[in-house]
Every structure is written in structure tokens, then in C-alpha cells.
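Written below as C-alpha cells is the structure these notes are about.
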Amino acid sequence: MADAGGQRVRALELLRVRPVMRLRDFIAHGIDPETLARLVREEVVIRPARGLYQLADAPIDARRTLAEVSALVPKGIVCLVSALQFHSLTLQTPSMVWLAIDRGAWRPKIDYPPVRFVRFAGWALTQGIERHRIEGVEVAVTDPARTIVDCFRYRAKIGLDVAMEGLREGLRQRKATADQLWRYGTKARVWSTMKPYVEAMVADGA
């Protein structure tokens, strides 16, 4: 194992390459917890959440927040308003990360960032899921069409206006097609609700 000075240099080098890292990642590179604790005390490194570390002067953005949450909940799926924002389908800036987990999974306790959990089951856990690499962390996100359908499905939680905005932008930006929306909407049993809006926007050339 490297000496304390060497560990410190290596830890900072790693954080410049992978801005969000877990404690176990550092340990795997031969860096002990005390080195990290010292960097935190010196305010060179911060802990945005339990078990996560990043440089204190690292820029903060929405994507990094998704990476932080996904590092804490590797099987979680970014969805609803957070997925709309990821795909640039809304002007909304969610105050929390919307994250789907398996209906039967234990609900993680996360101090930061704030997370709103929803439960998915069956096909919803595997279909229409994209995987992106953000800050060295694999982030699962529902694809645009699937996200729009989920927003209609959970419209009581997020508001019909948000679902409508996502639908309008998805069609306008050609990130979702009427056929994709029909396919996911049928599976989610929400197509009868969506159909009039989709047809009207397609007719208007949204």
C-alpha cells in the first residue's frame, strides 16, 4: 500500500478522472479511509452523500446528481421528471431525483441528494431503459417515449401539465414517435388517456 502522501496524490488524481467515487472504489486502489477522512477535514474533498466523495471545487450539475444517486442505488432507474430533464423534454428543474426501484426491493435511506422513489415491476424494470455513463458511473434512465408514458401514468404525482409538456417536446424534437407511445402506453394501460392528446398533437404537427 502506498504511503500517506502517495495515497493523497492518487486519491486526487482518481477524483479528477472520476468526479464521483465510492469508498470501496478508493479501497480497491489502495487508498485507506483515513486518507479520505483527512482530505475531507482539509475541505479538499467533500462527501455529498454517505459513502460518496468528490472534489470540493468540482462543478455541480444535474447529471452529476444522477450519477451520485445511481452510485448509491445501482439498480435504480432514473424516471419521470428527472428523465424528462435528462432528455431535455422539460423546462422543469426537479427539486429531487425521481428514481424507480423494484416493487419488492428494500427502500434505501439516502441523506443526499433528495430522492423520490416510485415502484416498478415486471416489464417496466427492463423495457425502454437506456444506460449512460456519467462521471464514470452507469446510470439507467427510461428512454424518451417510455418516460412520457410513465409521466401520464403517474400524472397524479407530477401533474398532467408536466406530462403534456413532455409529450409535446418529445414529438416536436422527434425523440418519441406515436407508435412508440402507443406501444408503451398499451403496456402501461394508459393509452386510452394519452390517445386524444397524442392524436391532437400529431395533427397539429407538434
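No lab work stands behind these numbers, since they all come straight from the coordinates. Note that the coordinates shown come from a computational prediction; the quantities given were computed from them, not determined experimentally. Glycine also receives a Cβ, built like all others from the backbone with ideal geometry; neighbour counts cover every protein chain displayed.
Report the paramagnetic label zone for R107: residues of segment 65-79 whose backbone N is under 20 Å from a point 7 Å from Cα along the Cα-to-Cβ axis.
Those under the cut-off are 69-79.
Sort largest first and round to whole Å: the equivalent ellipsoid semi-axes of segment 1-113, each the square root of five times a Cα gyration tensor eigenvalue.
Taking √(5λ) for each eigenvalue gives 30, 16, 11 Å, largest first.
Taking only DSSP H segments of four or more residues, each worth -39500 (n - 2.57), what value at 222 nm results for the chain once the sum is divided by all its residues, to the nearest 500 deg cm²/dmol?
Counting only the DSSP helices, I get -13500 deg cm²/dmol.
Quick one: give the max-minus-min coordinate of the C-alpha atoms of segment 68-185 along each principal axis, largest first, in Å.
Extents along the principal axes: 36, 30, 29 Å.
Considering the chain, what Rg and Dmax in Å follow from its alpha-carbon atoms?
Cα-based Rg and Dmax for the chain come out at 19.8, 68 Å.
Run the reach check for K175 against lysines, Cα to Cα strictly under 29 Å, same-chain hits fewer than 8 apart removed. What comes back?
K75, K157, K187, K195
Would you mind telling me the antiparallel percentage of the DSSP bridges in the chain, rounded to 5?
For the chain, the DSSP antiparallel bridge percentage is about 65.
Measure out, as a whole number of angstrom, how far apart the alpha-carbon centroids of segment 64-88 and segment 139-206 sit.
Segment 64-88 and segment 139-206 have Cα centres separated by 19 Å.
Between K157 and L12, what's the calculated FRET efficiency when r is the beta-carbon distance and R0 is 41 Å? Round to 0.05.
Rounded to the nearest 0.05, the efficiency is 0.50.
Subtracting the Cα-Cα distance from 0.36 nm times the residue separation, let me have the gained length for I27 to R172 in nm, one decimal.
47.5 nm
Once you put a point 7 Å from the Cα of D204 and another 7 Å from the Cα of D57, both along the Cβ direction, what distance in nm separates them?
4.9
Shape verdict for segment 88-135, please, from the Cα gyration tensor: rounded (a/c under 1.5), prolate (a/b greater than b/c) or oblate.
Taking the square roots of the gyration eigenvalues as a ≥ b ≥ c, segment 88-135 is oblate.
Between E43 and K187, what is the spin-label point distance in nm, taking each point 7 Å from the Cα along the Cα→C-beta axis?
In this crude label model, E43 to K187 measures out at 4.9 nm.
Under 11 Å from the Cβ of R131, count the other residues' Cβ atoms, weight Lys and Arg +1, Asp and Glu -1, and hand me the total.
Once all neighbours under 11 Å are counted, the net charge is -2.
For segment 4-55, just say rounded, prolate or oblate: build the C-alpha gyration tensor, square-root its eigenvalues into a ≥ b ≥ c, call rounded for a/c under 1.5, and beyond that prolate if a/b exceeds b/c, oblate if not.
It is rounded, given that a/c, with a ≥ b ≥ c, falls under 1.5.
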